[in-house]
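Below: one structure, written as structure tokens.
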Amino acid sequence: MRPLHPNITPYDQQMLDVGDHQIYVEQSGNPQGIPVLYLHGGPGAGSSADHRRYFDPEKYRIIIFDQRGCGRSTPHASIHNNTTWDLIEDIEEIRQLLAINQWLVAGGSWGTTLAIAYGIKHVENVLGFILRGIFLGTPAEVQWLYSHQGAAAIFPDYYQDFLIPLQPHIQQEPVKAYQQLLDSDNELVKFQAAKAWSLWEQRISTLHASLHVIETPEQVHSAVAMAHIENHYFNHHCFLEADYLLNHIDTISHIPAVIIHGRYDMVCQLQRAHQLQQRWQNATLNIIPDAGHSGFEVGIINAFCQASDKMAAFIEEQTNR
């Protein structure tokens, strides 16, 4: 099994002004290497130092950023001018700022949604894709995760905890009901809602049910951003037309892609990854038999690091032709 690459320190960190938001952008690895952009999940989860470690720092110029409102980007938890299309324009600004012609685009969970949407709009800028834990941004996928059917049937005890902040008469539409709590002027109400919202997803993200807690100020701070932004996106259907990604996949189907998905992913359904691969002529699907949704289970790490090595070899071969 391949481990993550060694921990490395960014060689460049900056804040990009995009109007109402300041976006944190970092670079690490080899400044002369293959440019790769990693897109974090959520939306609203923020980037992790471990995201750098999917890529060989001798081969790759690794670019990571915190999407609007989360991580080190400011203002914290802001949903103002925060849509899928705003994020896509941020990605383009980053590419131009760093004087990159084409790059490999990678991501996990919501990051796969954003990666595909970016590729459809800016196909000429993409060398390839590595996508882990496919989420196509459809209402059906949101219903699977938050309604009384779907994942709730597998984790009824954790789902009951998710419903605790909601009054019984509004529990049938939890995504809408949570919006009121997360928008509350009462900080205690907001914090409790954010913790319950974030904890539900964290608990069901691994093959073996997680005992995650959200207690420290830093954890609560992150939970508020993720819950508020995620809820904002899901209440607006991820700002995508119905089946937008699948309906436009032909735009990028000639670009090579590696799709990685845990067989027991309870957050994002495997059938969506299979659907995508069936429509994407140049994509391979690697189903990890002993993994759930998390990007840091052993099988997922192994598959991702292998994919990044193979993609580097492929890109180098194409470049040298």
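Values quoted throughout were computed directly from the atomic coordinates according to the rules given, and no laboratory measurement underlies them. Only a predicted model underlies this, so the values are computations on that prediction, with no experimental measurement involved. Cβ coordinates were reconstructed from backbone atoms using ideal geometry, including for glycine residues, and neighbour counts include every protein chain displayed.
Here are the numbers:
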read-out: Selection status of Tyr146, under 18 Å from His40 (Cα atoms) and of a type in the set (Ser, Thr, Tyr); value: no
read-out: Residues that are of a type in the set (Gly, Ala, Ser), surrounded by 24 or more Cβ atoms within 10 Å (Cβ to Cβ) and not in a helix (DSSP H, G or I), drawn from the stretch 95-122; value: Ala106, Gly107, Gly108, Ser109
read-out: The stretch 281-321 - residue that is charged (D, E, K, R) and free of Cβ contacts under 8 Å to residues at least 24 places away in the same chain and, of those, surrounded by the most Cβ atoms within 10 Å (Cβ to Cβ); value: Glu317
read-out: Inter-residue pairs, beta-carbon under 8 Å, first more than 17 Å from Ala177 (Cβ to Cβ) and in the stretch 143-164, second small (Gly, Ala, Ser) and surrounded by 17 or more Cβ atoms within 10 Å (Cβ to Cβ), 6+ apart; value: Trp144/Gly150; Trp144/Ala151
read-out: Looking only at the stretch 211-234, and only at residues there that are under 17 Å from Phe296 (Cβ atoms) and in contact (Cβ under 8 Å) with a residue 12 or more places away in the chain, the one that is surrounded by the most Cβ atoms within 10 Å (Cβ to Cβ); value: Met226
read-out: Residue, surrounded by the most Cβ atoms within 10 Å (Cβ to Cβ), within the stretch 10-43, restricted to residues that are over 24 Å from Glu317 (Cβ atoms) and in contact with a His (Cβ under 7 Å, 6 or more places away or on another chain); value: His40
read-out: Of all residues making up the stretch 197-232, the number that are under 18 Å from Cys70 (Cα atoms) and not in a loop (DSSP other than H, G, I, E, B); value: 21
